[in-house]
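Asks: Below: one structure in structure tokens.
No lab work stands behind these numbers, since they all come straight from the coordinates. In this text, all values refer to a predicted model and were calculated from it rather than measured experimentally. Positions of Cβ are backbone-derived with ideal geometry, glycine not excepted, and every protein chain shown enters the neighbour counts.
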Amino acid sequence: MIEAAGLTKRYGRTVAVDNLSFTVQPGRVTGFLGPNGAGKSTTMRMILGLDRPTGGEAKINGKRYHDLHHPLRTVGALLDAKWVHPNRSARAHLRWMAKSNKLPAARVDEVLELVGLTSVANKRAGAFSLGMSQRLGIAAALLGDPEVLLFDEPVNGLDPEGILWIRKFMQRLATEGRTVLVSSHLLSEMSLTASELIVIGRGKLIAQSSTEEFVSRATENTVKVRSPQLPALRQALTGEGIEVRDDADALVVSGVDSATVGELAAKHGVVLHELSPQRGSLEEAFMQLTGDSVEYHTDITDDHAVAAAAAAELMSQGK
């Protein structure tokens with residue numbers, strides 16, 4: 001389980017994360033969504049102890065990351081797929097990580113096979129494609145067989161086969177009872193992958209709910225209906241005070257379900273060729289609920305301010 005309580009991060013006068021609280025439960029894939037610059041990566045870095053919170057705290061299974069004795073055994077993360085020495089082989093990179101947390105060397109070959117990299121285990125990581133780098137990053141995250149996993153933009157730049165593989169892999173990890181938090185800008189993919197969502201904007205929590213609840217709350221469900229007797233059907237619907245609009249050779253009906261439309265058509269002797277419930281999309285719901293937050297990031301100077309302030313803080317810490 002991941003718990004954030006009042007998590008705040010300021011860089012000078014710029015607030016990157018603002019009093020953010022949420023819980024990520026085990027046994028499901030939780031999508032972490034927000035516009036560019038919303039504070040997603042900063043939040044994940046604070047969870048992993050890479051950035052020091054200005055206020056609040058984040059805990060993993062009840063402990064701060066710095067209090068974990070062998071952290072790779074509890075939490076695994078993929079924040080940057082290319083964070084590997086380019087001249088090291090995949091196997092050498094994982095062996096170095098395993099040794100740092102006193103993990104058995106045999107575990108390296110296990111995770112390489114798990115992510116499909118056994119045949120290129122001795123190849124230089126710098127020669128890897130983005131898809132192979134993503135798989136190596138996932139192997140590193142799984143090295144300690146952790147209960148908690150964080151992935152930041154794991155499908156960026158991948159082909160359809162790679163995206164499908166990562167989706168199914170993350171869902172499998174969740175079915176094993178692990179806690180899986182995934183940040184992504186690919187909303188269509190998140191709608192297929194995540195059963196739970198945490199949505200933030202301007203560093204603040206906008207919503208936390210199931211994916212289905214999030215979409216239903218922010219979008220309108222309609223019914224698309226086609227008939228060779230559209231004028232009669234339109235008259236029957238509007239006569240009951242039901243909202244109808246034209247859509248090419250069909251009608252789109254709002255405010256009632258498909259059963260109601262079908263029963264009304266039958267009552268008036270109208271033949272139907274199509275009766276399809278139309279559910280709103282995650283993209284529509286996301287745009288609806290984060291529109292105000294997107295405006296915050298139209299000024300590029302905001303992003304520059306965050307980057308400059310972050311660099312200044314690191315220098316002051318001697319990093």
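Asks: Estimate the FRET efficiency between residue 243 and residue 36 by the formula 1/(1 + (r/R0)^6), using the beta-carbon distance for r and 35 Å for R0, to the nearest 0.05.
Replies: 0.50
Asks: Considering only DSSP beta bridges where both residues belong to the chain, give the percentage that are antiparallel (nearest 5).
Replies: 65 percent
Asks: Give me the extension gain from residue 268 to residue 67: residue separation times 0.36 nm, minus the current Cα-Cα distance, reported in nm with one decimal.
Replies: Length difference between fully extended and current span is 65.4 nm.
Asks: How much length is gained on full extension from residue 279 to residue 216, taking 0.36 nm per residue of separation minus their Cα-Cα distance? Intermediate results must be reported in sequence, preceding the final value.
Replies: Values: separation 63, 0.36 × 63 = 22.68 nm, distance 0.79 nm.
Once the chain is fully extended between residue 279 and residue 216, it gains 21.9 nm.
Asks: Sum -39500 (n - 2.57) across every DSSP H segment of at least 4 residues in the chain, then divide by the residue count to get the 222 nm mean residue ellipticity, nearest 500.
Replies: -11500 deg cm²/dmol
Asks: Which pairs break 28 Å Cα to Cα here: 63/99; 63/123; 9/99; 9/102?
Replies: As for pairs spanning more than 28 Å Cα to Cα, those are 63/123; 9/99; 9/102.
Asks: Between residue 145 and residue 287, take the C-beta separation as r, use R0 = 41 Å, and let me know the FRET efficiency to the nearest 0.05.
Replies: Efficiency, rounded to the nearest 0.05: 0.60.
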